[in-house]
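The structure appears below as structure tokens.
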Ligand code: VNL
């Protein structure tokens, strides 16, 4: 049930991607601004969150690009790390890694440490204080992925999502769609 390499996978280098490198159907998943949990739920009977790792970590557990994204170049802060898998009808579809600077957990945001197996998206998308700095489509270790910097009441959190091979992104429908390349005109 657990994707065997999920912890290692989640710490691979994130490579961002332009729309031209990506089939349109896949791109529409990667840049979807609504809740990914909700979108995946529409493609299966039952979607479950399983916890891979959760707890406070020091900046040593962060990659350089994660530190840069969260503005901790010196590596002095502590972060709440949450790694999950979304399991759809028994198949792992998505691996997610969330990093929240300790300073972002003050006030009501402390609830982010008590999500357990409730999906993060359900918490975030019901908040009226949610905004997004960016959403980058990309790949990690040959799988489709995306990275977003969100803010909850102005306080940053970094989300990385990797779409695992069993997810609908790799289904024949998505594969068969045409890549976004320029069409050549026939005379
Ligand atoms: C979670 C759920 C995280 C769905 C995700 O991406 C996600 C979570 C970071 O519950 O932690 O797409």
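The values are calculated or read from the model by the stated rules, or taken from the named source; none is laboratory data. As the structure is a prediction and not an experimental result, all values here were calculated from the model. Quick reminder, even Gly has a Cβ in these numbers, built from the backbone with ideal geometry, and neighbours come from all protein chains shown.
Would you call residue 132 in contact with a helix residue (DSSP H, G or I) (Cβ under 8 Å, 6 or more places away or on another chain) and assigned to a strand (DSSP E or B)?
Considered against the rule, which asks whether it is in contact with a helix residue (DSSP H, G or I) (Cβ under 8 Å, 6 or more places away or on another chain) and assigned to a strand (DSSP E or B), residue 132 comes out as no.
Only one of these conditions is not met by residue 5: (1) within 16 Å of the ligand (Cβ to nearest atom); (2) modelled with pLDDT under 90. Which number is it?
Of (1) within 16 Å of the ligand (Cβ to nearest atom); (2) modelled with pLDDT under 90, only one is false for residue 5: (1).
May I ask you to list the residues in region 5-16 that are under 20 Å from residue 158 (Cβ atoms) and not in a helix (DSSP H, G or I)?
10, 11, 12, 13, 14, 15, 16
Just checking, does region 146-161 include any residue being modelled with pLDDT of 90 or more and part of a helix (DSSP H, G or I)?
No, region 146-161 contains no residue that is modelled with pLDDT of 90 or more and part of a helix (DSSP H, G or I).
Restricting to region 73-93, what's the tally of residues that are within 25 Å of residue 132 (Cα to Cα) and in contact with a strand residue (DSSP E or B) (Cβ under 8 Å, 6 or more places away or on another chain)?
Looking only at that region, the number is 12.
Out of the residues in region 84-112 that are over 19 Å from residue 163 (Cα atoms) and touching a helix residue (DSSP H, G or I) at 6+ places or on another chain (Cβ under 9 Å), which is surrounded by the fewest Cβ atoms within 10 Å (Cβ to Cβ)?
My answer is 111.
Surrounded by 14 or more Cβ atoms within 10 Å (Cβ to Cβ) and within 9 Å of the ligand (Cβ to nearest atom): which single residue out of 115, 70, 135, 81 fits that description?
115
Starting from region 109-121, keep only residues that are over 23 Å from residue 39 (Cα atoms), then list their pairs with residues that are near the ligand (Cβ under 9 Å from one of its atoms) whose Cβ atoms are within a distance under 8 Å, requiring at least 6 positions of separation or different chains.
111/123
Quick test for you: out of 40, 62, 70, 10, pick the one residue that is touching a strand residue (DSSP E or B) at 6+ places or on another chain (Cβ under 8 Å) and under 19 Å from residue 132 (Cα atoms).
So the residue among 40, 62, 70, 10 that is touching a strand residue (DSSP E or B) at 6+ places or on another chain (Cβ under 8 Å) and under 19 Å from residue 132 (Cα atoms) is 70.
Would you check which residues across region 17-60 are without any contact (Cβ under 8 Å) to a residue 40 or more places away in the chain, away from the ligand (no atom under 16 Å from the Cβ) and assigned to a loop (DSSP other than H, G, I, E, B) and list them?
Of everything in region 17-60, just one residue is without any contact (Cβ under 8 Å) to a residue 40 or more places away in the chain, away from the ligand (no atom under 16 Å from the Cβ) and assigned to a loop (DSSP other than H, G, I, E, B), namely 18.
Pick out the one residue from 88, 95, 18, 38 that is closer than 18 Å to residue 147 by Cα and modelled with pLDDT of 90 or more.
Result: 95 is the single residue among 88, 95, 18, 38 that is closer than 18 Å to residue 147 by Cα and modelled with pLDDT of 90 or more.
How many of the residues in region 118-129 are touching a strand residue (DSSP E or B) at 6+ places or on another chain (Cβ under 8 Å) and within 14 Å of the ligand (Cβ to nearest atom)?
The qualifying residues number 4.
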